[in-house]
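Participant: Quick one: this structure, given as structure tokens, is what I'll be asking you about.
The values are calculated or read from the model by the stated rules, or taken from the named source; none is laboratory data. Predicted model, so just to flag it, every value in this text is computed and none were measured. When we count neighbours, we look across all protein chains shown, and the Cβ atoms used for this are built from the backbone with ideal geometry, even at glycine. For accessibility, only protein heavy atoms count, side chains too; no ligands or nucleic acids. Shrake-Rupley method; radii C 1.70, N 1.55, O 1.52, S 1.80 Å.
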Amino acid sequence: MGSSVLLILYVGLPALAIFLCHKYQFLNRIGSVVLCYLIGLVLGPLGASSEEFYSLQEILMSVCVPLAIPLLLFSSNVSEWRKLAVKPMYSLIFALLAVFIAVVSGYFLFHGNEIQGFNKVGGMLVGIYSGGTPNLASLKLMLNVDEEIYLAVHSYDMAIGAIYLFVLMSVGQRIFQFVLPAYTLTEEVNEEKVSEQKFSQLLKVKKSRIELIRVFLIALLMVAVAGGIMLLVPESVQMVVFIFFITAFGIAGSSMSRIRKVKGSFDLGMYLILIFSIVVSSKVQIGNFSNVNPSIFGYITFVVFVSLSLHVLLARLKNIDADTVIITSAALICSPPFVPVVAGSIKNRNLIVPGLTIGLIGYALGNYLGFAMSQLLSLF
């Protein structure tokens, strides 16, 4: 399959997902983001052996989310963010505590003598589930992790992470609301949202198209500037700096009425997120897991889902709502680029900025926390 055909599929299939969700009520309940993940799982094997396929995936993943973040933020109501400061911070603390408990308890459950330096696996898991893949790569160097173990952790994390995301975005909100209160959206935010159906109608109006092209170019300029700044700092903090400046530029844009009042910028950003969703899920190759290391695979699975369960129970102590817990968990377990993806699936863009902020804190702390955990586990 040629790269041009793949590009058309990646860009066009989200439109099909939106159409199907609009046409069929049961698909609408699942949501276009989850549907795109399912489409990606089907698309993945079609180009599994192609170098072109892999290169295109990397390019789209590098482009879609950075462009989407400012577009999603442009229509945000800054005055609402201040009201969200306390609960996300508690949620962050509880999420990190849950990861620590899960990593330590899982270490004793799955620790086998056949894996030398198993404490390093625990350290990498704290790093990746408090920050993300950049922390995993950094900890590999810091802890001098064996290449085979590193690849196993990275591969299993991708597979389990895809299942985790599917659960989180499809049924997580409904399940968590049995234990946690629902998030209360303000009337103002609901009024600002443009439905997928209205967005397609918006594109038919020439003036609206011109305005959307203008804000898209502004977002592109912001990403370019953030990328330039990123190259000026050490490689270990480049991703943190890049996302920080994109987020800051997006917030700055939202304070300008001419940008904030452009209708459809949020939905344009979400379309990029849908492309990203298909690309990410198409990278999961089930066939790569024929020789699974049961200790590492079991350890990762345990940490992901036990930490999520503990996070929910701890959040109940402070009456934190289900949506905040979902976004916090996604920001830490999956890293900041997935925050808009999950926020779109639960239909709550108010939590994008707190989620990105939490993710940035995780990025900053991940290497230190992971290294500390590895040293702690080495004592046992």
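Participant: With N set to the residue count of the chain, report its C-alpha Rg divided by 2.2 N^0.38 Å to two decimal places.
Facilitator: The chain yields a ratio of 0.97.
Participant: I would also like to ask the following. Extension gain HIS22-ASN144, at 0.36 nm per residue separation less the Cα-Cα distance, in nm?
Facilitator: 38.9 nm
Participant: Round to the nearest 10 and give me the degree value, 0 to 90, for the angle of helix 86-110's Cα axis relative to the longest principal axis of the chain.
Facilitator: 30
Participant: Per DSSP H run of at least 4 residues, take -39500 (n - 2.57); add these up for the chain, divide by its residues and hand me the 222 nm value, nearest 500 deg cm²/dmol.
Facilitator: Helix contribution divided over all residues of the chain: -24500 deg cm²/dmol.
Participant: Is the shape of the stretch 293-339 rounded, prolate or oblate, going by the alpha carbon gyration tensor and its root eigenvalues a ≥ b ≥ c, with a/c under 1.5 for rounded and a/b larger than b/c for prolate?
Facilitator: oblate
Participant: What's the extension gain from LYS318 to ALA372 if we count 0.36 nm per residue and subtract their Cα-Cα distance?
Facilitator: Value of the extension gain: 16.7 nm.
Participant: Could you list the residues of the stretch 250-274 with an amide nitrogen less than 20 Å from a label point located 7 Å from the Cα of ILE229 in the Cα-to-C-beta direction?
Facilitator: Within reach of a label on ILE229: 250-257, 259-260.
Participant: In degrees, nearest 10, range 0 to 90: what is the angle between the Cα axis of helix 206-230 and the longest Cα principal axis of the chain?
Facilitator: 30
Participant: Further question: What is the percent carbon and sulfur in the accessible area of the chain, measuring with a 1.4 Å probe over the protein chains and ignoring ligands? Don't skip to the answer; put the middle values down first.
Facilitator: On the way: 11480 of 17490 Å².
On the chain, the fraction of accessible area on carbon and sulfur atoms equals 66 percent.
Participant: OK, next. Looking at the chain as a GNM with Cα springs under 10 Å, which of VAL167, VAL215, VAL34 has the largest mean-square fluctuation?
Facilitator: Its mean-square fluctuation being the largest, the pick is VAL167.
Participant: Right, another one. Distance between the C-alpha centers of the stretch 334-380 and the stretch 131-174? Whole Å please.
Facilitator: When both Cα centres are located, 12 Å separates them.
Participant: Cα axis of helix 238-254 to longest principal axis of the chain: angle in degrees, 0 to 90, nearest 10?
Facilitator: Here the helix axis deviates by roughly 30 degrees.
Participant: Which residue fluctuates most in the GNM of the chain (Cα springs below 10 Å): ASN348, ASN367, ASN28?
Facilitator: In the Gaussian network model the winner is ASN28.
Participant: Would you mind getting me the FRET efficiency between GLU52 and GLN238? Use the beta-carbon distance for r and R0 = 22 Å, nearest 0.05.
Facilitator: Efficiency at R0 = 22 Å is approximately 0.25.
Participant: I'd like to check one number: the per residue accessible area of the chain, probe 1.4 Å, reported in Å² as a whole number.
Facilitator: Spelled out: the 1.4 Å probe surface of the chain, per residue, equals 46 Å².
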